[in-house]
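Worksheet: the structure to be examined is printed underneath.
The values are calculated or read from the model by the stated rules, or taken from the named source; none is laboratory data. As the structure is a computational prediction, the values presented were derived from the model and not from experiment. Glycine also receives a Cβ, built like all others from the backbone with ideal geometry; neighbour counts cover every protein chain displayed.
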Amino acid sequence: MTGNAQVPAARSPGPLRILVVEDDPDTLAATLEMIRLLGHWATGVRSAEIAKDRFFEGAFDVLMTDVGLPALSGLDLAEILRSRHTLEVIFATGQPRPARPMPGTVWLRKPFDVEQLEAALGQTRNRAAAA
């Protein structure tokens, strides 16, 4: 190999890998479809307990969770997973944003459209790039 080797051009970031936790099946299906339309990869589950069981290091870039889940809340799920893993979090909820939100998270008010979802995903990507 000679000293004239080409340095590859910087690539734009690839698609995000997103775990969506939503107990309403219609909302879950619509959210997964929007994420795929935006060019990202996503899988969905209907409870925080299932999400905990399916989560493993390196599999997901973003946790997108409803706050008001039965049994274990989305807030509790995020705290548990973030205590063990580096993970960006989007809370998608019909509830108003709390006065003191969990640091380093994005709040997305339901119902949301694809542009609002794209903006929330952009915020998580920017936050991860700055870390």
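Being surrounded by 12 or more Cβ atoms within 10 Å (Cβ to Cβ), among the basic types (Lys, Arg) and either modelled with pLDDT under 95 or not in a helix (DSSP H, G or I) (or both) is the requirement here; does Arg36 meet it? Full working, then the answer.
Numbers: surrounded by 12 or more Cβ atoms within 10 Å (Cβ to Cβ): yes; among the basic types (Lys, Arg): yes; either modelled with pLDDT under 95 or not in a helix (DSSP H, G or I) (or both): no.
In short, no.
Given the condition in a strand (DSSP E or B), more than 12 Å from the chain's Cα centre (by Cα) and of a type in the set (Ser, Thr, Tyr), answer yes or no: does some residue in the stretch 92-103 qualify? Walk me through how you get there before you give the answer.
In the first step, residues of the stretch 92-103 are kept if they are in a strand (DSSP E or B); the result is 92-93.
Cutting the leftovers down to more than 12 Å from the chain's Cα centre (by Cα) gives us 93.
Of the ones still in play, those that are also of a type in the set (Ser, Thr, Tyr) are 93.
Yes: one or more hits.
Would you confirm whether any residue within the stretch 107-128 is among the small types (Gly, Ala, Ser), outside any helix (DSSP H, G or I), in contact with a Ser or Thr (Cβ under 9 Å, 6 or more places away or on another chain) and surrounded by 14 or more Cβ atoms within 10 Å (Cβ to Cβ)? Quick ask: steps written out before the conclusion?
Within the stretch 107-128, the first condition is being among the small types (Gly, Ala, Ser), and the residues that meet it are 119-120, 122, 128.
The next check asks that each one be outside any helix (DSSP H, G or I); those that pass are none.
For the stretch 107-128, residues among the small types (Gly, Ala, Ser), outside any helix (DSSP H, G or I), in contact with a Ser or Thr (Cβ under 9 Å, 6 or more places away or on another chain) and surrounded by 14 or more Cβ atoms within 10 Å (Cβ to Cβ): absent.
Give me the residue from the stretch 63-73 that is assigned to a loop (DSSP other than H, G, I, E, B) and not β-branched (Val, Ile, Thr) and, out of that set, nearest to the chain's Cα centre (by Cα). Before you say what the answer is, go through the steps one by one.
Residues of the stretch 63-73 assigned to a loop (DSSP other than H, G, I, E, B): 66-73.
Narrowing further to those that are not β-branched (Val, Ile, Thr): 66, 68-73.
Working: Asp66: 11, Gly68: 16, Leu69: 16, Pro70: 19, Ala71: 21, Leu72: 18, Ser73: 16 Å.
Per the criteria, the residue is Asp66.
Looking at the stretch 74-88, is at least one residue over 14 Å from the mean Cα position of the chain (by Cα) and within 25 Å of Asp26 (Cα to Cα)?
Looking for residues that are over 14 Å from the mean Cα position of the chain (by Cα) and within 25 Å of Asp26 (Cα to Cα), one finds at least one in the stretch 74-88, hence yes.
Among Ala51, Ala59, Ala29, which is the only one that is in a helix (DSSP H, G or I) and within 16 Å of Thr86 (Cα to Cα)? Reasoning before the result, please.
Details: Ala59 fails: in a helix (DSSP H, G or I); Ala29 fails: within 16 Å of Thr86 (Cα to Cα).
When all the criteria are applied, what remains is Ala51.
Name the residues in the stretch 73-90 that are under 14 Å from Arg17 (Cβ atoms) and among the polar types (S, T, N, Q), would you?
Thr86
Looking at (1) part of a helix (DSSP H, G or I); (2) buried (at least 18 other Cβ atoms within 10 Å of the Cβ), find the lone condition where Ala42 falls short.
The single condition Ala42 does not satisfy is (1).
Identify all residues within the stretch 48-59 that are at pLDDT 95 or above and either of a type outside the set (Gly, Ala, Ser) or over 21 Å from Leu121 (Cα atoms) (or both); write none if there are none. Spell out how you get there, then give the answer.
Filtering the stretch 48-59 down to residues at pLDDT 95 or above leaves 48-51.
Scanning the stretch 48-59 gives Glu49, Ile50.
Working only within the stretch 23-32, note down all residues that are surrounded by fewer than 12 Cβ atoms within 10 Å (Cβ to Cβ) and among the acidic types (Asp, Glu).
Result: Asp26, single match.
Look through the stretch 20-43, keep the residues that are touching a residue at least 60 places away in the same chain (Cβ under 8 Å) and farther than 18 Å from Trp107 by Cα, and return whichever of them is farthest from the chain's Cα centre (by Cα).
So the residue we want is Leu37.
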